[in-house]
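Chemist: I have a structure I would like to understand better, so I am pasting it below and will then ask my questions one at a time.
Derivation of every value follows stated rules applied to the coordinates shown; laboratory data play no part. Quick caveat, the model's predicted, so the values are computed rather than measured. A quick note on method: Cβ atoms are made from the backbone with ideal geometry, for glycine too, and the neighbour counts reach across all protein chains shown.
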Amino acid sequence: MSDRSHQALPPEAIVIGASAGALQALSELLPLLPADYPLPILIVVHIRPDRDSVLAHLFQSKCAISVREAEDKEPIQPGTAYFAPPDYHLLVEQDHTLSLSSEEPVFFSRPSIDVLFESAADAYGEGLTGLVLTGANQDGALGLKTIVDAGGTAIVQNPQGAYATAMPEAAIAQCPQAKIMTIEDISAYLLDLGRNHPGRNSRA
Amino acid sequence: MSEEPVSTGLLSERVEDIEIHLLLEGLYRRYHYDFRNYAQASIKRRLRQAREQLGYRSISALQHDVLHDPDMLPRLLSYLTVQVSEVFRDPSYFKAIREKVIPHLRTYPSLRIWIAGCSTGEELYSFVILFREEGLEQRTLFYATDINQDALAKAEAGIYDLDRFQLFTENHRKSGGKSSLSDYYTAAYGKGAFDKSLRNRVVFSDHSLVTDAVFAEMHLISCRNVLIYFDRPLQDRAVGLFKDSLARKGFLGLGSKESLRFSQHTASFSELAPGDKIYQRLDR
Ligand SMILES: C[S@@+](CC[C@H](N)C(=O)[O-])C[C@H]1O[C@@H](n2cnc3c(N)ncnc32)[C@H](O)[C@@H]1O
């Protein structure tokens, strides 16, 4: 089902944004990925700023890929999922390292999905796949458009199956080119991206 | 031939990168503000914001005005330097200072504390209040430095929106505060103003961690949420500066998501409170 096989460059990274209902949605995606999954996954989930970082711990135990909270200046590794820490924006640098920032919240959110998506679009261009999942706000919509404008691929969770519809709806409105998929389809799609990836067997 | 497409495709992205590079180079050569080795992703984001909000077609158009008109500089700096802070931000950090650092500091007859990148002053007032509560204020000199003059002026004024004081008060309490924050400010016309006695022992000054040198020997340096804006070599320079200005066994506090883990100076420090990012300079 992948239509990426014609592309000269293999996909390089996946970014995911989610808000209300995020835990459920991510629980249906991340644990399916095999330990040798060749792509890095960068994730922003809106979470109250005073909350200790629980997400990485939570998913670490459920997932075959390694899951951790992003650290400032760390090089992005394949097969690893990075969560933005609470109260910091997460950005991708041109040299594929991560940086954090405490600049103003965007749409009341820090971390912000738009901030991650825009910087990742700059760093990865057409190698980037962006996913907007369930959520009750409009963060991520502009970022997803930036990804498409830079030649990347946009996917939005079908609002019909989403716990909260506003975020996927805003993303679709801003980015009509986005593929609209159920969580099951998204899972299959992500597995496919990995399966067809040339880097799969060279790194483990 | 033809101009480059105005689309946001890859081609025009590269033009923007060139413009950013030239603007940062120009800022350095004209005004000696050096953002050339800051973490680029967030600089880029903030320059895009500046371009849009100041009404420029391109970053080079913005650069033209900044180079020719010094009055534009503070306006651009307000975008390039992130000014986000809170009184007793991350209460557990201040709790750790109270419980693990203060007992050491008590043994010195006089103390020098450096708040590097103090922004609009919230972190400084947190320290002065804490030191007053611990009975150390009178033997301490506080140095509050930043590269942003407007922020320093606000720090010196010590006036903040009153609706922020609820959070400040909560943070102060969680940090183990021994008094009521309301003892230290007066409220009027929607603002809260910190008591000017809190500034008796404070020196405010313009100092850059990128281009300036060590200026005194310190017992404690707190530099929070500044290093994340630097690239790795620049972080090394700043931490080197801290190392050189710390007294033997002096303390260094960083932001909650900053660490010396990737630093070339890791070996010069021990971790005093790892979770709260407080380090102690090792004896040489
Ligand atoms: C996000 S604020 C941190 C405020 C405060 N330390 C805190 O954690 O709440 C970052 C500050 O670093 C300052 N800064 C940026 N570059 C600097 C440099 N080269 N030297 C000193 N301060 C700098 C900015 O002007 C800004 O005030």
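Chemist: Tell me the volume per residue, in Å³, of the convex hull enclosing the alpha carbons of chain A.
Modeler: Normalising the Cα hull of chain A by residue number yields 104 Å³.
Chemist: Here is a further query. If you place +1 on the Cβ of every Lys and Arg, -1 on the Cβ of every Asp and Glu, and leave all else neutral, what size is the dipole of chain B about its Cα centre, to the nearest 20 Debye?
Modeler: Once rounded to the nearest 20, the dipole reads 1020 debye.
Chemist: D for segment B:46-103, whole µm²/s, Stokes-Einstein with Kirkwood Rh over alpha-carbon pairs at 37 °C and 0.692 mPa s: what number?
Modeler: In µm²/s, the coefficient rounds to 233.
Chemist: Between segment B:218-284 and segment A:101-127, how far is it from one alpha carbon centroid to the other, in angstrom?
Modeler: Each part's Cα centre sits 27 Å from the other's.
Chemist: What residue among B:LEU181, A:ALA123, B:TYR229 has its Cα farthest toward the positive end of the dipole of the protein assembly as shown, where the charges are +1 on Lys, Arg and -1 on Asp, Glu, each on the Cβ?
Modeler: Selected residue: B:LEU181.
Chemist: Convert 37 °C to kelvin, take the viscosity as 0.692 mPa s, use the Kirkwood radius over C-alpha pairs of segment B:205-284 as Rh, and evaluate the Stokes-Einstein diffusion coefficient in µm²/s, rounded to a whole number.
Modeler: Estimated via Stokes-Einstein, D reaches 262 µm²/s.
Chemist: While we're looking at this one, here's another question. For B:SER58 and A:LEU9, what is the calculated FRET efficiency with R₀ set at 25 Å and r taken between the beta-carbons, to the nearest 0.05?
Modeler: After rounding to 0.05, the efficiency reads 0.30.
Chemist: Report the Stokes-Einstein translational diffusion coefficient (µm² s⁻¹, integer) for the protein assembly as shown, Rh taken as the Kirkwood radius over Cα pairs, at 37 °C with viscosity 0.692 mPa s.
Modeler: 137
Chemist: Classify segment B:149-241 as rounded, prolate or oblate from the Cα gyration tensor: take a ≥ b ≥ c as the square roots of its eigenvalues, call it rounded if a/c is under 1.5, otherwise prolate when a/b beats b/c and oblate if not.
Modeler: prolate
Chemist: Taking K and R as +1 and D and E as -1, what net charge do the other residues with C-beta under 10 Å from the C-beta of B:HIS172 add up to?
Modeler: My count for the surroundings of B:HIS172 gives +1.
Chemist: Tell me the mean residue ellipticity at 222 nm calculated for chain B from its helices only (DSSP H runs of n ≥ 4, each -39500 (n - 2.57), averaged over every residue, nearest 500).
Modeler: -11500 deg cm²/dmol
Chemist: Taking every DSSP beta bridge with both residues inside segment B:129-284, roughly what % is antiparallel (nearest 5)?
Modeler: 60
Chemist: Still on this model: Going by average Cβ neighbours within 10 Å, how do the peptides A:168-175, A:10-17, A:73-80 rank, with the highest at the top?
Modeler: The densest-packed peptide leads the list: A:10-17, A:168-175, A:73-80.
Chemist: What fraction of the Cα pairs in chain B, stated in percent, has a spacing above 22 angstrom?
Modeler: In whole percent, the share of Cα-Cα pairs in chain B beyond 22 Å is 60.
Chemist: If you place +1 on the Cβ of every Lys and Arg, -1 on the Cβ of every Asp and Glu, and leave all else neutral, what size is the dipole of chain A about its Cα centre, to the nearest 20 Debye?
Modeler: Roughly 540 debye for chain A.
Chemist: Would you work out if segment A:89-133 is rounded, prolate or oblate? Take a ≥ b ≥ c from the square roots of the eigenvalues of the alpha-carbon gyration tensor; rounded if a/c is under 1.5, else prolate when a/b is larger than b/c, oblate otherwise.
Modeler: Oblate is the answer for segment A:89-133, as a/c is 1.5 or above yet b/c matches or exceeds a/b.
Chemist: Let's see if you can work this out: charge +1 on each Lys and Arg Cβ, -1 on each Asp and Glu Cβ, no other charges. What is the dipole magnitude of segment B:150-284 about its Cα centre, in debye to the nearest 20?
Modeler: In debye, rounded to 20, segment B:150-284 gives about 360.
Chemist: Once you've got the Cα coordinates, tell me which of A:LYS73/B:LYS277; A:LYS73/B:LYS243; B:LYS178/B:LYS243; B:LYS100/B:LYS154 are over 27 Å apart.
Modeler: B:LYS178/B:LYS243; B:LYS100/B:LYS154
Chemist: Still on this structure, I have one more. What whole-number distance in Å separates the alpha-carbon centres of segment B:162-195 and segment A:163-181?
Modeler: So the two Cα centres are separated by 43 Å.
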